[in-house]
Amino acid sequence: MSERKSGESRKLFGTNGIRGIPNELLTFSFCSGIGAAIGSFAKGEIIALARDTRRSGDFVGSAVSAGIMSTGKNVVDLGVIPTPALQLYCKNTGRFGVVITASHNPPQFNGIKCIDSDGTELRSEDEAAIEQLYFSSTFRKSEWTGIGTLLRDHNQGERYVENLVSLVDADRIRSRHFKVVIDTGNGAAYSTSPALLTRLGCRVVSLNSNPDGLFTSRNAEPRPENLAELMQVMKSGRFDLGVAHDGDADRAVFIDEKGNFVEGENTLALVIKHMAGSGDTIVTPVSSSDIIDEVCREKSLNLVKTRVGAPIVARTMIERQARLGGEENGGVIIGDNQYCRDGGMTVAKILDIMAKTGKPLSTLVGELPRYVLLKKSIETEGKPWNKMRKLAVDSFPACRRDETDGLKIFFDEGWALIRPSGTEPIVRVYVNTRDEGDARRLMEKVMGALKH
Ligand code: MG
């Protein structure tokens, strides 16, 4: 993901847009150049722009906006809102969008991600077209009389919340008077998620819900190691649900009423179990836990497995007319709403499920099939992927394999997935079994094979 001025392997957009450090990769001229490339590429006269709370958001957003306006397009600035709130705007207006965010990355990073006019993340071939425009500097250049203008619309957060409330049984949720602790991690949902919970009649306690682009309270990745404070509060036993978002709030993770972290695959499994109807199609990447397979089998659902990456899952959902999909990291996609991960929507749906069943979250999770999904990564140390693949194939020659993405190997006790990262010189190893001891042993066996 580095800027190269020549050569064939020019690649700026990674799996989640362009990421970099302001004034390093993301210089003023780079950002305005990308803005000009976006303005030259996108259809329509108005392009929507939103951002998360990062310290450099005004800087990167202003530079990208200036670049867009140089091509004669207007920019409508939606301010600080979650990424899915921008996606909803794009879907409803048919406008192309740009979000300035580095999601869960450390605070020094920022990023530029494009949203297509149907609200989905931009296809990689369209990102490549924007890169091509950038590197060749073949921008549309407006006469001075036609330079774009900057419009502002700061009501999208409210529209987003309104839409979420309309998609659940709000009266039933309100009748339960849930007590909820929300930790927005100083990120983009600092205003929308507390507002959503209030609108759903919850008693809301906010943690880290002041916008702070330095993320001084906690790391923006909502993993248990970063949520000690929220888990501590939940352990008091005084609350029904704990919620935490990543920096741009396209994801939500949950803490049950006893203070236990609920893994993302369990959240996805709960949504599928309680929302899908017989015959529905569900889409997940090959890295998803077998818990999803089992829930789909129990409910006679069609399960489609894809390569890893939320945009791929979302596109496949559109093609297959799937109602539900998502990843194991807390990214849930609900097709009735929009074809993207949506942290606020996930919160609303989990409350809807709790209200409908009348059961606490720990009970709902306890009713799910049990699987263990472990993840590790190893440095490739310059070893090409085909060598790593051969090591794995040669170590387990008798095992069944699937190569939808990387190499998935099926063992008696479960499976292991080995796949090269799209952005870093590492290989990710996933192991899925029913038993924790089996998972650890299988992980050791696979890691050992790859180190030869
Ligand atoms: Mg995110």
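The values are calculated or read from the model by the stated rules, or taken from the named source; none is laboratory data. As the structure is a prediction and not an experimental result, all values here were calculated from the model. Heads up, the Cβs are rebuilt from the backbone with ideal geometry, glycines too, and the neighbour counts pull from every protein chain shown.
Tabulated data
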read-out: Test for GLY335: is it in contact with a strand residue (DSSP E or B) (Cβ under 9 Å, 6 or more places away or on another chain) and either within 16 Å of the ligand (Cβ to nearest atom) or at pLDDT 95 or above (or both); value: no
read-out: Selection status of PHE59, aromatic (Phe, Trp, Tyr), surrounded by fewer than 23 Cβ atoms within 10 Å (Cβ to Cβ) and assigned to a helix (DSSP H, G or I); value: yes
read-out: Subset of the range 296-313 [basic (Lys, Arg) and touching a Leu at 6+ places or on another chain (Cβ under 9 Å)]; value: ARG297
read-out: Considering residues of the range 173-195 that are assigned to a helix (DSSP H, G or I) and within 24 Å of GLY237 (Cβ to Cβ) only, the residue farthest from the chain's Cα centre (by Cα); value: SER175
read-out: Scope the range 36-66; condition over 30 Å from SER209 (Cβ atoms), free of Cβ contacts under 8 Å to residues at least 40 places away in the same chain and either within 16 Å of the ligand (Cβ to nearest atom) or not hydrophobic (A, V, I, L, M, F, W, C) (or both); matching residues; value: GLU45
read-out: Condition check for VAL99: more than 14 Å from the ligand (Cβ to nearest atom), β-branched (Val, Ile, Thr) and crowded, with 24+ Cβ neighbours inside 10 Å; value: no
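So that you can scan it fast, the table gives a plain yes or no per residue for (1) touching a residue at least 60 places away in the same chain (Cβ under 8 Å); (2) buried (at least 19 other Cβ atoms within 10 Å of the Cβ):
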position: LYS258; (1), (2): yes, no
position: VAL262; (1), (2): yes, yes
position: VAL283; (1), (2): no, yes
position: ALA310; (1), (2): yes, yes
position: MET317; (1), (2): no, yes
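Yes/no matrix, rows are residues, columns are (1) touching a helix residue (DSSP H, G or I) at 6+ places or on another chain (Cβ under 9 Å); (2) at negative phi; (3) within 16 Å of the ligand (Cβ to nearest atom); (4) not small (Gly, Ala, Ser):
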residue	(1), (2), (3), (4)
MET234	no, yes, no, yes
LEU241	yes, yes, no, yes
ASP256	yes, yes, no, yes
LEU270	yes, yes, no, yes
MET275	yes, yes, no, yes
ALA314	no, yes, yes, no
ILE318	no, yes, no, yes
TYR339	yes, yes, yes, yes
GLY343	yes, yes, yes, no
